[in-house]
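**Student:** Below: one structure in structure tokens.
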Amino acid sequence: MYLKTKSVEDHQALKIEFGALQLVRSQTQIPVPRPLDILSDTETSYLLTTTLPGQRFGSYIGILSDHDLDTFTRDMQRYLTQLRSISRHGTPKYEISNAIGGPYYDYRIIAAHDYDKERGSFFGPCTDEEDFNNILRTPALPDVFDSTGHNIVFTHSDINMRNVLMQNGRISGIVDRENSGWFSDYWEYTKAHYVTKLHKR
């Protein structure tokens, strides 16, 4: 078993992860932990899940053959296709929200805004992509406007070399889903660049 902890102020992030794990397990074949329980005391929140076999992808990247990397790429494409095909229930089709339909928790957005004690580390949900783009707009580039009209799909939002596990040359798990939710179809790609820099082989 694996016990993840956060401050009680960020309990909602663990609720998002719990809900995301349930959703992914029910609609895909992606290897993810089974959520067991979530609870809090006066200072700390806890998420208990099963563990998955394997080591972080980052510890393998330098020793994988081209064939191994091709296999990894095919596995990842298959899992991302499954992830993006998860159907949504109970929230409007164009709403951008977390995995359980509420405000989302995203490191890229948190880093771009001053902390607001009332809002905490959560944003949204946004009624549509235009509303989301207003949150992404930065004072440093006030005339830059993001386009709209993208499909809104279920997204992990934190895929990086720490959150993908490998065993025997195959993906054995994709973990850490507190950022998961319904985002524009480009979000997974741009977030991968935000969290990981990797030199080409």
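The values are calculated or read from the model by the stated rules, or taken from the named source; none is laboratory data. Here the structure is a predicted model, which is why all the values come from computation and not from measurement. With ideal geometry, Cβ positions are generated from the backbone for all residues, glycine too; neighbour counts draw on all protein chains shown.
**Student:** Name the one entry in Y2, Y105, Y46 that is at pLDDT 95 or above, hydroxyl-bearing (S, T, Y) and farther than 20 Å from M166 by Cα. Don't jump to the end; show me each part of the working.
**Tutor:** Numbers: Y2 fails: farther than 20 Å from M166 by Cα; Y105 fails: at pLDDT 95 or above.
None of the other options fit; the residue is Y46.
**Student:** Considering region 33-43 alone, what residues qualify as being under 21 Å from S7 (Cβ atoms), assigned to a loop (DSSP other than H, G, I, E, B) and not charged (D, E, K, R)?
**Tutor:** T42
**Student:** When region 89-107 is examined, which residues are found to be over 14 Å from S184 (Cα atoms) and either β-branched (V, I, T) or buried (at least 16 other Cβ atoms within 10 Å of the Cβ) (or both)?
**Tutor:** Across region 89-107, the qualifying residues are T91, I100, G101, G102, P103, Y105.
**Student:** Would you mind stating whether Y60 is among the aromatic types (F, W, Y) and either under 20 Å from the mean Cα position of the chain (by Cα) or over 29 Å from Q167 (Cβ atoms) (or both)? Give the derivation first.
**Tutor:** Numbers: among the aromatic types (F, W, Y): yes; either under 20 Å from the mean Cα position of the chain (by Cα) or over 29 Å from Q167 (Cβ atoms) (or both): no.
It is false that Y60 is among the aromatic types (F, W, Y) and either under 20 Å from the mean Cα position of the chain (by Cα) or over 29 Å from Q167 (Cβ atoms) (or both).
**Student:** Is it fair to say L80 is under 18 Å from N163 (Cβ atoms) and in contact with a His (Cβ under 9 Å, 6 or more places away or on another chain)? Show your work before the answer.
**Tutor:** On the way: under 18 Å from N163 (Cβ atoms): yes; in contact with a His (Cβ under 9 Å, 6 or more places away or on another chain): yes.
Criteria met by L80.
**Student:** Is there any pair linking a residue in region 31-49 that is of a type in the set (G, A, S) to one that is part of a loop (DSSP other than H, G, I, E, B), with Cβ under 9 Å and at least six apart or on different chains, and which?
**Tutor:** Listed by first residue and then by second, the contacts come to nothing, as the list is empty.
**Student:** Would you mind finding the one in D158, D146 that is within 14 Å of F183 (Cβ to Cβ), in contact (Cβ under 8 Å) with a residue 24 or more places away in the chain and surrounded by 14 or more Cβ atoms within 10 Å (Cβ to Cβ)?
**Tutor:** On the way: D146 fails: in contact (Cβ under 8 Å) with a residue 24 or more places away in the chain.
Being within 14 Å of F183 (Cβ to Cβ), in contact (Cβ under 8 Å) with a residue 24 or more places away in the chain and surrounded by 14 or more Cβ atoms within 10 Å (Cβ to Cβ) holds for just one of D158, D146, which is D158.
**Student:** Which residue out of Y107, Y94, Y115 is under 17 Å from the mean Cα position of the chain (by Cα) and not charged (D, E, K, R)? Even if it seems obvious, please write down each step before you answer.
**Tutor:** Details: Y94 fails: under 17 Å from the mean Cα position of the chain (by Cα); Y115 fails: under 17 Å from the mean Cα position of the chain (by Cα).
Criteria check complete, one pass: Y107.
**Student:** Would you confirm whether or not region 114-137 contains a residue that is loosely packed, with under 12 Cβ neighbours inside 10 Å, β-branched (V, I, T) and closer than 24 Å to R177 by Cβ?
**Tutor:** Narrowing region 114-137 to residues loosely packed, with under 12 Cβ neighbours inside 10 Å: 114-119, 134.
So of that shortlist, the ones also β-branched (V, I, T) come out as none.
Within region 114-137, none of the residues are loosely packed, with under 12 Cβ neighbours inside 10 Å, β-branched (V, I, T) and closer than 24 Å to R177 by Cβ.
**Student:** Turning to a different aspect of this structure: How many of the residues in region 136-176 are among the charged types (D, E, K, R) and at pLDDT below 90? Step through it out loud before you land on a result.
**Tutor:** Here is the first cut: in region 136-176, the residues among the charged types (D, E, K, R) are 137, 143, 146, 158, 162, 170, 176.
From what's left, at pLDDT below 90: 137, 143, 146.
So the count comes out to 3.
**Student:** Pick from region 17-76 the residues that are of a type in the set (G, A, S) and surrounded by 12 or more Cβ atoms within 10 Å (Cβ to Cβ): which of them is nearest to I159 (Cα to Cα)? Spell out the reasoning first.
**Tutor:** Filtering region 17-76 down to residues of a type in the set (G, A, S) leaves 19-20, 26, 40, 45, 54, 58-59, 62, 65.
Then drop every residue that is not surrounded by 12 or more Cβ atoms within 10 Å (Cβ to Cβ), which leaves 19-20, 40, 45, 54, 58-59.
Details: G19: 18, A20: 14, S40: 27, S45: 23, G54: 16, G58: 12, S59: 15 Å.
Within region 17-76, the match that is nearest to I159 (Cα to Cα) is G58.
**Student:** Hey, another quick one. Report, ordered by the first and then the second residue, all pairs with beta carbons closer than 8 Å, sequence separation of six or more or different chains, a first member in region 115-142 that is on the phi < 0 side of the Ramachandran plot, and a second member that is exposed (fewer than 10 other Cβ atoms within 10 Å of the Cβ).
**Tutor:** Here the result reads S121/Y115; E129/G149, each pair linking region 115-142 to a residue that is exposed (fewer than 10 other Cβ atoms within 10 Å of the Cβ).
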